[in-house]
Amino acid sequence: MHVRIELVYKTPKRTETNFVSDLMPAAQAILLAEDLEKTGRAKSITFTDETNRSWRLKELRQYMKGIETEPHNIKIYFDGGFDHDTKHSGLGCAVYYDQNGKSFRLRKNALIDELHSNNEAEYAALHFALKELVLLGVHHLPVIIIGDSQVVINQLNGEWPCLEEELSNWADRIEDKLKEMGIQPEYTLVSRKLNREADRLATQALQEIEITSNSEIT
């Protein structure tokens, strides 16, 4: 979770002013807020998250303590590939998350044969990644979703219309899954170079090389 610090600052001569910070990780915001409290000049400190929900310091501390044992700070990289000759699709995803003070990376791919285009494969790869979050027990958290498909990212974030029925059905399926899980998505479009891990997983799936791993990042 990322939040902004909203501070009412009072000088020894009782002059007051308001400050609003940039978005930052909630854990960092808590540390800064605690340090500001020690000065005795912070008349009030509140936090606002990406959904504009307001938090008190005590509430934010409790929330962060509560999610410590569950997966959080989640980033999904996804990619899909379609082979026109075999009509097979390769799906790949890499999920990065924190849990119990440690960082982990989940890598998985799959080979399927019921799709008809590369764009469908891209959507299917994201849906595949969301099903992995279900298995991890992820719910009611912000999740950063990263891919190199302009079609998928721009359609899901509302910048492009979704006119093809097959893609519209995939978009609805993904949005329904996100709503069911209580996930607040943040979509990020990157170059293929910056999505090479998910791209390789999708390619390996097309080569019938199955990858399933979940390991700690040291």
Worksheet item: Of the accessible area of segment 97-218, with the probe set at 1.4 angstrom, what percent is carbon plus sulfur?
Response: 47
Worksheet item: Out of segment 1-75, which GluC sites (Glu not before Pro) are coil in DSSP terms and have no more than 16 other C-beta atoms within 10 Å?
Response: Glu50, Glu68
Worksheet entry | Label-point separation, Lys43 to Glu208 (7 Å along Cα→Cβ), nm | 7.2
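Ratio to report: Rg/Rh of segment 1-89, with Cα atoms as the point set and Rh obtained by the Kirkwood method; give two decimals. The partial results should precede the final answer.
On the way: Rg = 20.2 Å, Rh = 15.6 Å.
Checking Rg against Rh, the ratio lands at 1.30.
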Fill in: Magnitude of the charge dipole, the chain, Cβ model with Lys/Arg +1 and Asp/Glu -1, debye to 20
1660
Worksheet item: Going 7 Å from the Cα of Glu186 in the Cα-to-Cβ direction, what parts of segment 8-24 have a backbone nitrogen less than 15 Å from that spot?
Response: 21-24
Worksheet entry | Residue (of Phe47, Tyr9, Phe82) at the positive-pole extreme of segment 3-140, dipole from beta-carbon charges | Tyr9
Response to the item:
Here the alpha-carbon Rg of segment 104-218 over 2.2 N^0.38 Å rounds to 1.05
Worksheet item: Magnitude of the Cβ-charge dipole of segment 17-61, K/R +1 and D/E -1, about the Cα centre, nearest 20 debye?
Response: 240
Item to complete: Treat the chain as a sphere of radius equal to its Kirkwood radius over Cα pairs and apply Stokes-Einstein at 4 °C in a medium of 1.567 mPa s; give the translational diffusion coefficient in µm²/s, rounded to a whole number.
Response: 68
Item to complete: With r as the distance between the Cβ atoms of Leu31 and Asn169 and R0 = 45 Å, compute the FRET efficiency 1/(1 + (r/R0)^6) and round to 0.05.
Response: 0.50
Worksheet item: At a probe size of 1.4 Å, how large is the accessible area of His84, to the nearest 10 Å²?
Response: 120
Worksheet entry | Glu197 versus Asp83: modelled label distance in nm, points set 7 Å from Cα along the beta carbon direction | 2.5
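With r defined as the distance between the Cβ atoms of Glu159 and Val134 and R0 fixed at 30 Å, what FRET efficiency is calculated, to the nearest 0.05? Can you show the working numbers first?
Values: r = 27 Å, r/R0 = 0.90.
It comes out at approximately 0.65.
Carbon-plus-sulfur fraction of the accessible area of segment 18-94, 1.4 Å probe, in percent? Provide the component values of the computation, followed by the final result.
Numbers: 2120 of 4430 Å².
Reported share for carbon and sulfur atoms: 48 percent.
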Discussion item. On a 1.4 Å probe surface of the protein chains, which of Trp160, Trp170 comes out largest in accessible area, and what is the full order?
Written reply: Trp160, Trp170
Worksheet, complete the sentence: Taking a probe of 1.4 Å and leaving out DNA, RNA and ligands, segment 5-145 shows per residue an accessible area in Å² of 54
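When the expected Rg is taken as 2.2 N^0.38 Å, what fraction or multiple of it is the alpha-carbon Rg of segment 35-145?
Normalised Rg, Cα atoms only: 1.49.
The values are calculated or read from the model by the stated rules, or taken from the named source; none is laboratory data. Because the structure is predicted, anything quoted here is derived from the model rather than measured. With ideal geometry, Cβ positions are generated from the backbone for all residues, glycine too; neighbour counts draw on all protein chains shown. These area figures cover heavy atoms from the full protein model, side chains too; ligands, DNA and RNA do not enter into them. Shrake-Rupley method; radii C 1.70, N 1.55, O 1.52, S 1.80 Å.
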